[in-house]
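In what follows, a structure is listed as structure tokens, so that the remarks can point back to it.
All of the numbers you see were taken from the coordinates with simple rules; none came from a lab. Predicted model only: the values in this text are computed from it and were never measured. Virtual Cβ from ideal backbone geometry, glycine too; neighbours counted across all protein chains shown.
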Amino acid sequence: MFVFSICFYKFLFILSMGNIRPLYIKNNAKRLFKIIEDKVTNNFEENKKVVKELELIKSKSTRNKIAAYLANLKRAKKF
């Protein structure tokens, strides 16, 4: 029973794997998406340049995370 439960939980973990982003990344990306919707593309590199031009976010890693989430939103058309 113990071995089965470990395998089952590993299986569930594999099914639920994905990009886990903090809430502040998601909220800021959604706000930016409303403002600059026409400039956002599916391409991460182009979104990086757009977010950098705004000069609202000083941290490079946060800018990149927001640019990646913007590309994800545009691809999925969630917003």
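For Glu53, what is the net charge nearby, where nearby means another residue's Cβ is under 12 Å from its Cβ and Lys, Arg count +1, Asp, Glu -1?
Cβ neighbours under 12 Å give a net charge of +3.
Report relative contact order for segment 21-76 in percent, whole number only (criteria: Cα-Cα under 8 Å, sequence separation at least 6).
Relative contact order for segment 21-76 comes out at 45 percent.
Between Asn64 and Glu37, what FRET efficiency comes out of the Förster formula 1/(1 + (r/R0)^6) with R0 = 25 Å and r the beta carbon distance, rounded to 0.05?
It comes out at approximately 0.80.
For Glu55 and Arg21 in one chain, what is 0.36 nm times their gap in residues minus the Cα-Cα distance, to one decimal in nm?
Answer, rounded to one decimal: 10.1 nm.
Starting from the Cα of Lys39, draw a straight line to each of the lysines and keep only those under 19 Å, dropping any in the same chain fewer than 8 residues away.
Cα-Cα hits under 19 Å: Lys26, Lys30, Lys48, Lys49, Lys52, Lys65, Lys74, Lys77, Lys78.
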